Amino acid sequence: MNAGEILQYRYRDAVNGFFEFPTPNARDILPRGLQPVEPHHGSSILAVTAFEFEDSAVGAYREVVLSVVVAPRLLPGEPMPRSALYPFMVGTTTAAARRHGIEVWKLPHLPADLEVEFDRHDSQVRIAAAEGGRPILELTVADPGLTWQPVEHRYQTWSQDGSGLYLANLVLRGAFMESEEERGALKLHPHPFAAGIELGEVADTPFREQWMRDGLESIHPLQPLPAFAER
Amino acid sequence: MAGQIEAEMEFFDYDYSSFYYSSSDDVFAILEPYTQWYDQAQVRGYALYAQPMSSRPATRVDLREKLGHGRLNLLNLSSYNYLGMSARPEVIAAAKRGLDQYGLGAAGSPVLSGTMDVHLELERELASFKNKPAVMLFPSGYSTNVGLLQGLMRPGDLIVCDQNVHASIVDGAILSKADVRFFKHNRPDDLEKKFNARRGKKLVVVEGVYSMDGDVCRLPEIVEIARRHDARIMIDEAHSTFIYGENGRGVAEHFGLEDEIDIHVGTLSKAMGGQGGFVAGSTSLYKYLEGFARSRLFSCSLSPVVASGVLEAVRIARREPELRARLWANVRHMRAKLAEHQVDVGDSTSQIIPLMIRDDRRIFDIAHHLQRSGLYLQPIVYPAVAKHRSRFRISVSAAHTTEQLDEAVDILVRVLRTEGVL
């Protein structure tokens, strides 16, 4: 694959929960130069995301991601993203997906194959992630009966390595549901996957739940922003 | 040089919150994308906000459309003129006398040359009404909460607020530099968790009636928890003063808990139909805030014209309890009529009745339809309320006639049926 091309990942489910956690904890996780978005003063957003990819450059795999929601970067001549994420821990079910995520997207991964199960019902989906039988997290996102809309949402993701910060634009297409009915749930277990998070301080109910089905994730090439990172 | 919203990008993918956080190398980079969205927003329905009014905010109002420039005469369910005071002849006459005596403005800070005898008279009247040793006036409800919290709390202190408190409370808490935590709306069990064995100065902040949902604070449980954690309690009764309680002193009186509350806040812009806010409490609190509530210290005093009108309004409210009775009769009537048609009003039990639409995309179309049908109702959408909890907020007033309320419900039901909501 070419580093300059848009890479596409076809997914069956993309599930996301937004959970409040303390801003000092978010700042500890974020590199300098990135600002956490605060839904309430003093509270930032931990995004817990799970994908079931049916097809990609590295085949089918499942993935769970912990991110902090950050202020998007406005770039000259580029469309405004809906929001921006700084993923600080990724877990995948295959070694190929893990190598791909590290080499291409410079994202930190747990160095192990995870078990990620999607338990789907009409009104909710429950994701359970574990490593060798040791639980990592359980995430439930519920659909309170909303109309699913076909959407094309633009986001930014940030990553970093020793050279500085990188930004990638990504577009998610698919049928979309978003709710703030607080019917979902999160259980984060003590595990290196969640290292750096004060587990007792993370809300166990999402203030926002998102669920996309049968869609396509397109990730644009990484853009290095070294000057930005040096601040 | 700024980012852009693609022309074909869906308007509803963005909202006000999308434009709050952004980073770039230019302070003005956000202006262009915001303006593009704003201009679309006006056309898609946001022009319904802040339509200029050319009449009193009475039960019928004259409005001018922002986009079409048409002139409208509408039945008003949007203003929070709960007791109809803004148009009472005695109130207007008192304000005119105030204008003649004092001129237009106070021309000074209350701590320098801006205190006039009408301000002190109004403070005494409000203290007598609230049955508290002292009341301090502020030039607005917003500046009341900002000045109170910034003036009283310090870095290292803890402020625990209901997550639905007014922005003025949030801003005051931020300005104080105290640690701020929010508990889930009206959930005493969640309040309990927020103390986390914290030592030092603690203040719990709640409202009597919450302005978006119209629900009443679960004050007895909140007082019990706050006391157990040695926290002081502040209640903002902006939407409940002159409305709740046997004497109209608010939700704290309604629950018989007035003496358990350390700081009482009220506004003069809602049931009193004027402007300004006040803090009721001890004389020592008054003295301290006089020195440290910067939003009052560094603002011009409340206009003596408004103070004169409000003073008369307070006296009317005290001597005419039938006004409050009339308001509650109207609320009961409105609720009964809405219930007949199975209109979803959420958890409200007050004079604020949310008419739940729960569809962020369609609410503006419905709002246009309501306005074309003769009703003035404001759509409330995210981020003012949670996503997909969009609603119209009905404010019932004692000034509404039964016929007006019936007409309003007829219009509502007809439009909601046409739009497929009912």
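Each value in this text was obtained by applying a stated rule to the coordinates, not by laboratory testing. Since the structure is predicted, the reported quantities are computational estimates derived from the model, not experimental observations. In this analysis, Cβ positions are derived from the backbone assuming ideal geometry, glycine residues included, and neighbour counts consider all displayed protein chains.
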Rounded Å value of the spacing that divides the Cα centres of the stretch B:22-42 and the stretch B:232-255: 41 Å
Proximal charge balance of A:Glu52 [Cβ under 15 Å; K/R count +1, D/E count -1]: -3
May I ask for the net charge around B:Ser284, where only other residues with Cβ less than 15 Å from the Cβ of B:Ser284 are counted and Lys, Arg are +1 while Asp, Glu are -1? +1
Candidates B:Ser373, B:Ser284, B:Ser109; GNM for chain B (alpha-carbon contacts under 10 Å) flags as most fluctuating B:Ser284
Show that you can apply the helix-only estimate: for chain A, add -39,500 (n - 2.57) for every DSSP H stretch of four or more residues, divide by all residues, and state [θ] at 222 nm to the nearest 500. -2500 deg cm²/dmol
Given the pairs B:Lys201/B:Lys287; B:Lys184/B:Lys287; B:Lys130/B:Lys270; B:Lys132/B:Lys194; B:Lys132/B:Lys184, which span a C-alpha to C-alpha distance of over 23 angstrom in this model? B:Lys184/B:Lys287; B:Lys132/B:Lys194; B:Lys132/B:Lys184
Separation of the stretch B:151-224 and the stretch A:156-198 by C-alpha centroid, Å? 29 Å
With no solvent and one point per C-alpha, what does the Debye sum give as log10 I(q)/I(0) for the stretch B:181-302 at q = 0.10 Å⁻¹? -0.33
Compute the projected area of the convex hull of the Cα atoms of the stretch B:271-422, averaged over all viewing directions, and report it in nm² to one decimal place. 12.1 nm²
Under 5 Å, built H, 5+ apart or other chain: amide partners of A:Thr94: A:Arg62, A:Leu114
Output wanted: per-residue J couplings in Hz (rounded whole) for the stretch A:177-187, from phi through Karplus 6.51 cos²θ - 1.76 cosθ + 1.60, θ = phi - 60°, x for Gly and Pro. 10, 9, 9, 10, 8, 6, 9, x, 7, 9, 10
Based on DSSP H runs of at least 4 residues, each adding -39500 (n - 2.57), what is the mean residue ellipticity at 222 nm of chain B after dividing by all its residues, to the nearest 500 deg cm²/dmol? -12000 deg cm²/dmol
Along the stretch B:207-214, what does the Karplus equation 6.51 cos²θ - 1.76 cosθ + 1.60 (θ = phi - 60°) give for ³J(HN,Hα), rounded to whole Hz, x for Gly and Pro? 10, x, 10, 8, 6, 8, 9, x
Counting each pair of different Cα atoms once, what's the Kirkwood radius of the protein assembly as shown in Å, rounded to one decimal? 27.0 Å
What is the spin-label model distance, in nm, from B:Thr35 to B:Ala47 if the labels are put 7 Å beyond Cα along the C-beta direction? 1.9 nm
At the level of C-alpha centres, the distance separating the stretch B:270-322 and the stretch B:76-145, in angstrom, is 5 Å
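What's the average, rounded to a whole number, of partner chain beta-carbon atoms within 10 Å of each residue's beta-carbon in B:11-24?
The per-residue average across the peptide is 4.
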Which translational diffusion coefficient, to the nearest whole µm²/s, is obtained for the stretch A:1-143 from the Stokes-Einstein equation, given a Kirkwood hydrodynamic radius over C-alpha pairs, 25 °C and 0.890 mPa s? 150 µm²/s
Using a simple spin-label model with points 7 Å from Cα along the Cα→Cβ vector, what separation in nm is obtained for B:Arg199 and B:Cys300? 4.9 nm
Two decimals is fine: what is log10 I(q)/I(0) at q = 0.14, 0.20, 0.22, 0.29 Å⁻¹ for the stretch B:231-299, from a Debye sum with one equal scatterer on every Cα and no solvent? -0.46, -0.87, -1.00, -1.25
What do you get for Rg/Rh over chain B if you use C-alpha atoms and the Kirkwood form of Rh? 0.97
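Based on the Cα atoms of the stretch B:88-319, what semi-axes does the equivalent ellipsoid have, where each is the square root of 5 times one gyration tensor eigenvalue, given in whole Å with the largest first?
The three semi-axes for the stretch B:88-319 are 30, 20, 14 Å.
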